[in-house]
Each structure stands twice: as structure tokens, then as C-alpha cells.
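See structure below.
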Amino acid sequence: MTELHVSVAGQPVVLRLEGVSKVYSGTVAVKHADFEVRSGAVNVLVGENGAGKSTLVKMIAGVEQPTLGRILLDGDPVHFKDTADAMAHGIGMVFQELNLFGNLSVAENIFANREIMRRGRIDHAEQERQAGTLLDRLQTAVDPRAKVEDLMIGQQQLVEIAKAVARDARILIMDEPTSALSAPEVEVLFRVIADLKAKGVAIVYISHRLEELVRIGDHITVLRDGRVTGNQQMKDVDVHWIVHQMIGSDAKDFATPGDHGFGGEALRADDICLPRITGGYAVDHVSLTVRAGEIVGVYGLMGAGRSEFLECVMGRHPLASGRLFVEGKPVRERDIGGRIARGLALIPEDRQRDGLVPILSVAENLTMASLRKLTRGFHIQARAEADEVRREIKELSIKVTNPRLPVSSLSGGNQQKVVIGKALLTSPKVLLMDEPSRGIDIGAKADVFRIMRGLAAQGLGIVFVTSDLDEVLALSDRIAVMSNGRLTALLDRADATEAKIVAASSIGHGPNRTSEQRKVLQ
Amino acid sequence: MSAAAQPLAGGSLTLNLMRLRTFIALFAVVLFFSFVAPNFLSAANLVLMSKHVALNAFLAIGMTFVIITGGIDLSVGSMVGLCGMVAGGLILHGIDLRFGYTLFFNIPEIILITLALGILIGLINGLLITRLNVAPFIATLGTLYVARGTALLLSDGATFPNLEGNPAFGTTGYAFLGAGTILHLPMSIWILIVVALVAAYIARSTPLGRHIFAVGGNERAAALSGIRVNRVKLFVYMFSGFCAAIVGLIISSELMAAHPATGETFELNAIAAAVLGGTSMSGGRGTIGGTIIGAFVIGILSDGLVMMGVSSFWQMVIKGVVIIAAVVVDQAQRKLQQRVALQQIAQLA
């Protein structure tokens with residue numbers, strides 16, 4: 001089987017993952033995956049958010065160790081105990097979240113932990129010279145002596161790439177390397193990749209941008225829910241095949257939409273703008289209306305401005321502009337507290353960072369945003385508070401033995417329900433949910449979807465952000481697609497198709513894609 | 001009872017002992033000194049010690065709120081000195097209005113002015129921290145120096161002696177704060193009881209108290225829940241300033257003199273009491289009751305050692321060891337608690 005692959009592909013397999021699984025505290029991120037990396041080729045890895053791509057490559061790079069299965073390098077089983085170990089075996093990685101020291105110079109970052117020494121001291125001049133050569137190859141005008149924190153995010157990403165290239169890896173993993181690059185910078189990166197390929201380096205490439213993958217990939221492996229669902233040579237496949245393998249046909253457990261009609265306008269956001277510090281707009285003149293009882297799904301890639309849009313509506317960004325109306329009445333309050341009082345509530349994307357106070361109890365977290373309602377004079381009515389807490393725990397079926405336990409002792413799904421409960425206790429008219437199903441297991445996901453359906457049936461307007469195509473198609477009454485800060489499509493449930501949504505989500509990401517996108521959209 | 005449940009039960013016994021560690025420490029120091037120092041348990045000594053403890057307890061209560069929000073207030077000791085000097089100056093010299101006129105206030109007015117001054121310095125601390133984004137350590141370090149310097153400037157470094165006041169100006173009667181008693185208990189103890197009860201009430205039963213904990217536990221989540229984080233922070237620094245002003249008034253009244261160096265290093269004792277009482281320096285955790293017990297442990301420890309005739313150098317060493325030991329036990333409790341919780345989850349699963 002393998003010999004056949006080699007002869008067909010013409011490129012030798014340098015690294016192989018056999019039946020690899022990875023389990024994190026209760027959730028299975030990768031299930032019995034087989035994956036081959038060929039030298040002198042771009043090995044593309046694709047899948048939806050949470051499909052297990054990053055986990056898979058982290059095992060190759062030594063960041064994580066497989067729970068089951070084995071890794072073969074040149075046919076010999078290997079076990080990387082950390083990244084340094086993997087690096088010693090010639091494996092380098094460009095991380096999705098940049099791993100740079102902002103307070104150090106570009107050259108110091110590129111040579112971090114393998115400094116060029118001369119007479120017991122770091123040879124800064126030599127480091128800067130070599131860094132300069134590398135950066136020239138990436139055709140970027142970054143000064144090797146500049147501090148990394150002073151660079152724009154795209155330039156930082158190029159430094160991260162330079163750092164990985166500088167290590168002369170045989171296998172170079174790139175996890176979403178283009179997410180912050182401009183179109184010309186992407187072209188340069190592709191040229192560098194072609195160079196490396198010619199030198200026999202094996203590239204593992206992860207990206208959400210399908211056109212990009214089709215252009216530079218030689219082999220493609222598709223992951224879905226931690227399993228490998230497709231493995232082909234790129235020349236044999238097209239975007240439709242990729243999307244089909246990514247999404248599959250087996251429906252996930254979504255609550256079915258109810259038959260209730262929609263009420264009047266719950267929220268109207270008009271011309272919402274949020275300027276970016278580096279220029280341009282993070283949210284670019286977005287207008288959106290939600291009716292009572294309606295669920296509007298906002299789909300888009302990372303960095304499309306979806307979270308920022310919700311945050312603007314919630315009043316988190318003082319620099320945001322635009323007009324807001326709740327039930328037709330203008331919202332003049334600019335602070336979060338005022339907007340909560342007007343009936344807006346946000347379920348933030350990162351519940352650990354923005355949603356919960358981990359040290360406080362489940363009960364204290366639940367009532368945190370609605371204490372005013374429970375207070376007479378200066379006094380929190382203990383009994384009223386306990387009643388509300390009990391009611392919310394029951395209604396959302398939060399699994400907790402005692403509401404006075406710290407919220408950090410709950411599972412991810414139950415923590416998410418606490419965040420939802422906190423928002424619901426403020427009696428909102430509109431619920432803004434940012435990736436409400438992220439990082440929770442399948443059962444809890446189904447619960448969350450059921451809760452969303454139930455709330456809509458009770459007359460709440462819901463706007464939710466997701467990167468999951470299934471989710472947006474199954475849950476939304478209407479679908480808004482954002483790309484590059486702009487609203488690029490607004491589709492009714494009946495008209496929405498995967499192809500239309502995917503196409504609209506990459507508008508404005510490259511110079512030579514618009515014609516094809518237009519074709520798909522028609 | 002199954003065998004598997006045994007380690008769990010054992011774990012919770014140790015855990016409960018650890019939770020009660022400040023009580024146990026208090027009990028231990030009282031027991032120890034009542035054996036080695038013969039007069040230790042006499043009524044006179046207990047009242048005297050309470051008066052010492054009270055001074056630190058006021059500052060520690062204010063400090064506890066500040067630390068729960070994740071901040072620190074280094075300026076309280078200097079505020080004690082400055083507030084005492086302002087009160088003393090107002091009693092002795094009034095305010096010079098030029099042209100031969102001097103304005104004198106009566107004692108209740110002087111007390112209110114001094115309290116307002118403490119609150120004002122706290123407000124300045126709070127504004128530096130919230131509006132100008134100065135780190136709490138630095139902002140209050142700055143006001144520490146400014147307040148101390150101002151206290152010294154007021155009298156050119158000299159003491160304001162004999163705060164008896166002048167009946168002609170209505171400035172007499174300052175002594176009642178420091179020397180007055182109700183039901184044989186000194187005034188300062190009564191004031192402490194009131195302040196402690198109010199503070200404990202705020203912490204436990206008011207939205208403000210809940211917000212203080214939320215801000216310290218996760219400032220971003222608190223802000224996104226509509227909590228006005230800056231107002232909460234302003235409150236805790238103003239309350240800390242208020243507590244410092246009380247201490248400045250009581251000390252100058254007890255001595256019937258105001259000295260500009262009064263209160264040096266008081267902030268450290270206040271932090272120590274809060275930490276001993278289980279307040280977490282990383283924010284989000286602490287109780288007023290714990291802090292007061294912590295203040296008693298520190299106060300009794302130093303007074304008892306004095307009665308035993310232990311040198312002040314050794315006293316400092318012992319105090320330092322006790323504080324570190326308290327935090328070490330605190331960390332051990334946290335770890336054990338987490339392990340017990342995980343065991344429980346594993347057994348339920």
C-alpha cells in the first residue's frame with residue numbers, strides 16, 4: 001500500500017503517524033489518525049475548527065505526546081518528549097499563536113536558544129547579519145535590530161517563519177502561516193515554500209483558505225472530528241471534494257427549529273465601525289437586524305471581525321461608532337453596564353478569560369451581572385439570590401452538586417452554561433453569543449443548541465458567531481457572513497448553501513479570487 | 001465505609017485543620033504566652049494589647065479590600081502620620097487666614113476634616129491607578145513619600161505637642177478618642193468593632209462587596225458583566241485612606257501629640273495581618289474576620305515577646321517566619337483542596 005503511494009507520488013515518506021490518538025481531560029481530539037509526510041512536497045492538512053489539525057501537528061513537533069499509536073521517522077519509531085527533542089530530529093514548526101519575545105530584537109528572536117557565540121559572548125553583529133540575509137530572502141524590510149513588539153502583526157508572522165526556516169529543518173510545520181499576512185506577503189511566502197520544497201524539505205501546511213491549499217498543496221489530508229476522512233494527491237481533487245470531506249454527510253445533533261414566527265425588531269445595529277490601530281477597520285460599516293425569536297448566525301474565518309462586531313454592540317470598544325436600537329428605541333448608553341440594562345447580553349468567546357471568575361462560586365458567577373435586581377437598599381436578598389440560582393441551574397441543567405463550589409470545578413460544558421445563565425439572569429432581549437459551542441463536548445453542545453432554540457422560542461433575538469459550517473446552517477434562521485471586517489453576505493436559511501457561505505467568507509482575502517467567488521455566489 | 005473513601009476523609013481532616021490555621025495560630029500564641037508571661041491574661045494587659053492590635057486592624061481591614069481587588073496600598077503608614085499632623089496642627093494653630101485672623105475648628109469638625117483628608121488621598125491613589133494606569137505598587141509608593149514629606153513639612157519635622165486645645169477656641173476634648181472608654185472598653189475598640197462590622201457587611205452582603213471579589217478574581221469578566229471596575233477600585237483605595245485617617249486620629253489622641261514620623265512601616269504590618277488572615281495577594285480571596293484574627297496574631301506575638309523580654313531583633317525574625325509559614329500552609333491547602341476535589345470527581349464518575 002505504502003509502496004504504491006510512494007511510486008504514485010514519487011516522493012518518499014519521511015515521517016508517518018500510525019493510529020495516533022490524543023485525549024485531553026475527557027475530550028478526544030484526535031482518533032486513530034494515520035498521516036504521512038513526504039519530503040520535497042507540501043503536505044496539506046485541512047479541517048474545520050476543532051477537527052484536530054493543530055493537535056495532530058503538535059504531536060509531530062513534540063509539543064504534545066500521543067496517547068495511543070506511534071510516530072515513525074525514516075521508518076524508525078520515535079518519541080519526542082518536547083519541542084527541543086523534535087527539533088534535534090530536524091522538525092521545526094511555525095506556530096499559529098506567535099511564539100515570539102516582544103521585548104527582544106528580531107535577530108535575538110530568530111536565534112533564541114541557539115545564539116551565535118564568540119569568546120563566551122553573544123555575537124550580536126553576526127546574528128544580525130544572518131538574520132538580515134534570512135529576512136531579505138523573505139523580501140521584507142524588517143530591521144533585524146527592531147524590537148518584535150514594534151512590528152506589525154504580519155511582519156511578526158514573517159519573523160516567526162524566518163525563525164523556523166533558519167533552523168534548517170527537514171520537516172517544517174506551518175500552522176495557519178498566512179492568517180495575518182497581506183496578499184503580497186503571501187506570495188513571498190509561497191516562493192519561499194517552493195524553494196524549500198526544491199531542497200527536499202517536507203512541508204506540513206495548515207490553512208483555512210481553500211484556494212491557497214489547492215494552489216500550493218501536493219498532498220491533502222482532511223480531518224473531521226479528529227478522524228482522517230480523506231487522503232489524496234492534490235491534483236486529483238477540487239474544492240468541492242475538500243468541503244465534502246470536511247463536513248461529511250452525517251448530521252450532528254442539532255435541535256430542530258421550532259415553528260414559532262418572528263416578532264418585531266429586537267436589535268438593529270446600524271453602520272457599526274471599529275478602526276484598527278494598524279489602519280483600516282476591524283469592523284467595517286456592518287449593519288444587521290435581528291427580530292424577536294430569530295437566530296442569526298454570523299459565519300466567517302478567524303479575524304473576520306465577528307467577535308469584534310459583537311463586542312462593539314456590547315459597548316466594549318470605546319472607539320466603535322454606529323447606531324444601535326433595541327426594540328426600536330435608540331441605545332445611547334456607551335458602557336457595558338448601561339447596555340446590559342437595555343437588554344443586551346454577551347456570551348464571550350473565551351469563557352476562561354472573559355466569562356467567569358474562576359475563584360468564585362457557581363452561584364456568585366451566575367448572579368454577578370444581575371445583583372441590582374436582587375438587592376434591596378444595600379442588601380443582597382440571600383433567599384431571592386438562592387432561588388434565582390436554583391432556577392437557572394435547573395433550567396439549563398447545569399450539573400453541579402452544590403452551587404457554592406468554585407465554578408472552576410465544573411466541566412467546560414457546564415461552565416459555558418453558567419456563562420449563559422449569568423447572561424439570562426439579566427433578562428436580556430437580545431443574546432450575543434460568541435462561539436457558544438467552542439471547547440465543550442458533543443453532549444454539552446447539543447444542550448447549548450437546545451437552549452438557544454428554546455430561548456428563541458421564548459422571544460429572544462439571538463446573534464451567534466461560529467466557524468462551524470454545520471452549526472451555522474443548522475441553527476440559523478438567517479446567516480450573515482463576514483470577511484475582512486465587512487458583511488459579505490446575508491442569506492435566508494432557504495437560500496443558504498455551504499458553497500455560498502464559504503465563498504463569501506473569503507472575499508477580499510486575495511487579488512485573484514474574486515471572479516471565482518462571484519461565480520459560486522451566483 | 002469503603003476503604004477507598006478513607007484517604008478522602010483523612011484529606012478533609014487535614015484540610016479543615018489548614019482552613020482553621022489562623023484560629024489555631026491565635027489559640028497557640030495566647031496559650032503559649034499565658035504560660036510563659038505571668039501577667040499576660042490580666043484584664044489590664046488584654047485591654048492594652050487590644051488597643052495596639054486595633055491600630056493595625058484598622059489598616060489591615062482597608063488593606064484587605066485593596067488586596068482582594070488585586071492591588072496594594074503602601075501609603076497607609078504615611079497617611080497615618082499626615083492625618084495625625086493635620087489634626088494636631090488644626091488643634092494647636094488652626095488655619096492662618098492672614099491679616100491677623102486665624103480660623104479654629106471644634107474637635108468634631110477636625111475629625112471630619114481629617115477623615116476627609118484620608119479619603120481624598122485614597123481617591124488620588126485610586127485615580128492614579130484607574131485613570132492614569134499607574135501600577136498600584138508604584139502609585140501608592142509615590143503617595144507614601146508625598147504624604148510623609150508633607151507631614152514633615154507641616155511642622156518642619158517637629159512634633160505638635162500638648163494637644164489639650166484652648167477652651168477659648170473650642171478645641172478642647174481631643175483626648176476622648178484615645179483615652180475615653182465605654183463600659184470599660186477603650187474608644188478605639190468600639191470604633192474598630194463598628195468599622196469591622198461595616199466592612200464585613202460590605203464584603204458579604206452588598207453588591208459592592210461582590211464586585212470587589214469579582215474585580216480581583218477576573219477583571220475582564222467583571223467588566224463584561226457590567227461591573228464598573230474603576231469605581232470599585234476607587235472605593236477600596238478611598239476606604240483604605242479612611243481607615244488610615246482613623247488610625248492617625250487615634251494615635252495622636254492617645255499620645256496627645258502628633259509626630260510626623262508616626263506610622264512608618266505600618267503598611268507592612270497591615271499587609272502581614274491580611275495575608276495571615278488568608279487574603280490572597282493575587283486577588284479575589286480574603287475575609288474581614290480572617291484579617292482581624294491575623295492582626296491579633298501579629299499583635300499578641302509582638303506584645304507577648306516584649307513581655308518575655310525577647311529582643312526586638314529576634315521579634316522581627318520571628319514575625320517574618322510566622323508570615324512565611326502562613327503563606328506556605330495556605331499554598332499547601334490550595335493544592336490539597338484541588339486534589340481532594342479531583343478525587344471526589346473521580347469517585348463519582
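Restrict the check to region B:264-282 and report whether at least one residue is polar (S, T, N, Q), crowded, with 24+ Cβ neighbours inside 10 Å and within 14 Å of chain A (Cβ to nearest Cβ).
yes
Answer with yes or no whether A:VAL204 is within 11 Å of A:GLY40 (Cα to Cα), crowded, with 21+ Cβ neighbours inside 10 Å, in contact with a Leu (Cβ under 9 Å, 6 or more places away or on another chain) and in the same structural domain as A:ASP175 (by TED's automatic domain parsing).
Criteria met by A:VAL204.
Yes or no, residue by residue, for (1) more than 7 Å from chain A (Cβ to nearest Cβ); (2) out of contact with any strand residue (DSSP E or B) (no Cβ under 9 Å at 6 or more places or on another chain):
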| site | (1), (2) |
| --- | --- |
| B:ILE212 | yes, yes |
| B:SER225 | no, yes |
| B:ARG228 | no, yes |
| B:ARG231 | yes, yes |
| B:VAL236 | yes, yes |
| B:SER240 | yes, yes |
| B:ALA245 | yes, yes |
| B:GLY248 | yes, no |
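Please indicate, with yes or no, whether at least one residue in region A:306-320 is at pLDDT 90 or above, within 11 Å of chain B (Cβ to nearest Cβ) and in contact with a His (Cβ under 7 Å, 6 or more places away or on another chain).
The answer is yes, given that some residue of region A:306-320 is at pLDDT 90 or above, within 11 Å of chain B (Cβ to nearest Cβ) and in contact with a His (Cβ under 7 Å, 6 or more places away or on another chain).
What number goes with the only condition from (1) at pLDDT below 90; (2) assigned to a helix (DSSP H, G or I); (3) of a type in the set (A, V, I, L, M, F, W, C); (4) more than 30 Å from B:LEU183 (Cα to Cα) that B:VAL66 does not pass?
Failing condition for B:VAL66: (1).
Quick check on B:ARG204: is it surrounded by fewer than 16 Cβ atoms within 10 Å (Cβ to Cβ) and closer than 21 Å to B:SER280 by Cα?
The answer is yes for B:ARG204.
Got a number for residues in region B:34-69 being closer than 23 Å to B:LEU249 by Cα, under 15 Å from the mean Cα position of the chain (by Cα) and of a type outside the set (S, T, N, Q)?
14
For (1) more than 14 Å from every other protein chain (Cβ to nearest Cβ); (2) within 21 Å of the chain's Cα centre (by Cα), each residue gets a yes or a no:
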{"site": "A:VAL418", "(1), (2)": "no, no"}
{"site": "A:ASP434", "(1), (2)": "no, yes"}
{"site": "A:VAL472", "(1), (2)": "yes, yes"}
{"site": "A:ARG493", "(1), (2)": "yes, no"}
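Any idea how many residues of region A:199-222 are at pLDDT 90 or above and assigned to a helix (DSSP H, G or I)?
Of the residues in that region, 1 qualify.
So A:LEU324 fits all but one of (1) surrounded by fewer than 20 Cβ atoms within 10 Å (Cβ to Cβ); (2) more than 12 Å from chain B (Cβ to nearest Cβ); what number is the exception?
(1)
Among the residues that make up region A:323-338, is at least one of them assigned to a strand (DSSP E or B) and small (Gly, Ala, Ser)?
Within region A:323-338, none of the residues are assigned to a strand (DSSP E or B) and small (Gly, Ala, Ser).
Against the condition out of contact with any strand residue (DSSP E or B) (no Cβ under 7 Å at 6 or more places or on another chain) and in a helix (DSSP H, G or I), how does A:ALA164 come out, does it pass?
Here the answer is no, as A:ALA164 does not meet what is asked.
Run down B:ASN162, B:ASN133, B:ASN106 and say which single residue is polar (S, T, N, Q) and within 17 Å of B:ILE72 (Cβ to Cβ).
Unique residue meeting the criteria: B:ASN133.
Anything in region A:386-401 that is among the polar types (S, T, N, Q) and either at pLDDT below 85 or not in a loop (DSSP other than H, G, I, E, B) (or both)? List them, or say none.
Within region A:386-401, A:THR401 is the sole residue that qualifies.
Pairs only if they're at least six apart or on different chains, beta carbon under 6 angstrom, first in region A:123-151 and without any contact (Cβ under 8 Å) to a residue 24 or more places away in the chain and surrounded by fewer than 17 Cβ atoms within 10 Å (Cβ to Cβ), second assigned to a helix (DSSP H, G or I) and hydrophobic (A, V, I, L, M, F, W, C); list them, first residue then second.
Correct list of pairs: empty, since none qualify.
If you go through region A:384-398 one residue at a time, do you hit one that is in contact with a Gly (Cβ under 6 Å, 6 or more places away or on another chain), at the interface with chain B (Cβ under 9 Å from one of its Cβ atoms) and in contact (Cβ under 8 Å) with a residue 24 or more places away in the chain?
No, the conditions are met nowhere in region A:384-398.
Please determine whether any residue of region A:172-191 is under 28 Å from A:LEU73 (Cα atoms) and polar (S, T, N, Q).
yes
Among B:GLY84, B:GLY89, B:GLY94, which is within 17 Å of B:TYR174 (Cβ to Cβ), crowded, with 24+ Cβ neighbours inside 10 Å and in contact with a Leu (Cβ under 9 Å, 6 or more places away or on another chain)?
B:GLY84
When you go through B:LEU154, B:LEU128 one by one, which is the residue that is at pLDDT 95 or above and surrounded by 13 or more Cβ atoms within 10 Å (Cβ to Cβ)?
B:LEU128
Are there any pairs with C-beta distances below 8 angstrom linking a residue in region B:172-196 that is under 20 Å from B:PHE239 (Cα atoms) to a residue that is of a type in the set (Val, Ile, Thr) and not in a helix (DSSP H, G or I), with the two at least 6 apart or on different chains, and if so which?
These pairs meet every condition: B:TRP190/B:ILE182.
Would it be correct to say that A:VAL481 is among the β-branched types (Val, Ile, Thr) and over 30 Å from A:ALA304 (Cβ atoms)?
No; evaluated as a whole, the condition is false for this residue.
Only one residue in A:LEU301, A:LEU267, A:LEU346, A:LEU274 is touching a His at 6+ places or on another chain (Cβ under 8 Å) and either more than 30 Å from A:VAL46 (Cα to Cα) or free of Cβ contacts under 8 Å to residues at least 40 places away in the same chain (or both). Which one?
A:LEU274
Only one residue in B:GLY180, B:GLY173, B:GLY157 is away from every other protein chain (no Cβ under 14 Å), of a type outside the set (A, V, I, L, M) and under 25 Å from the mean Cα position of the chain (by Cα), so which one is that?
Only one candidate passes the filter, namely B:GLY180.
Return yes when B:PHE235 is surrounded by 16 or more Cβ atoms within 10 Å (Cβ to Cβ), closer than 30 Å to A:GLY343 by Cβ and of a type in the set (Phe, Trp, Tyr) and no when it is not.
For B:PHE235, the condition - surrounded by 16 or more Cβ atoms within 10 Å (Cβ to Cβ), closer than 30 Å to A:GLY343 by Cβ and of a type in the set (Phe, Trp, Tyr) - is met.
Filter region A:342-377 for residues that are facing another protein chain (nearest Cβ under 7 Å) and assigned to a strand (DSSP E or B); which is farthest from the chain's Cα centre (by Cα)?
Across region A:342-377, the extreme among qualifying residues is A:THR375.
The values are calculated or read from the model by the stated rules, or taken from the named source; none is laboratory data. All values derive from a computational prediction rather than experimental measurement. In this analysis, Cβ positions are derived from the backbone assuming ideal geometry, glycine residues included, and neighbour counts consider all displayed protein chains.
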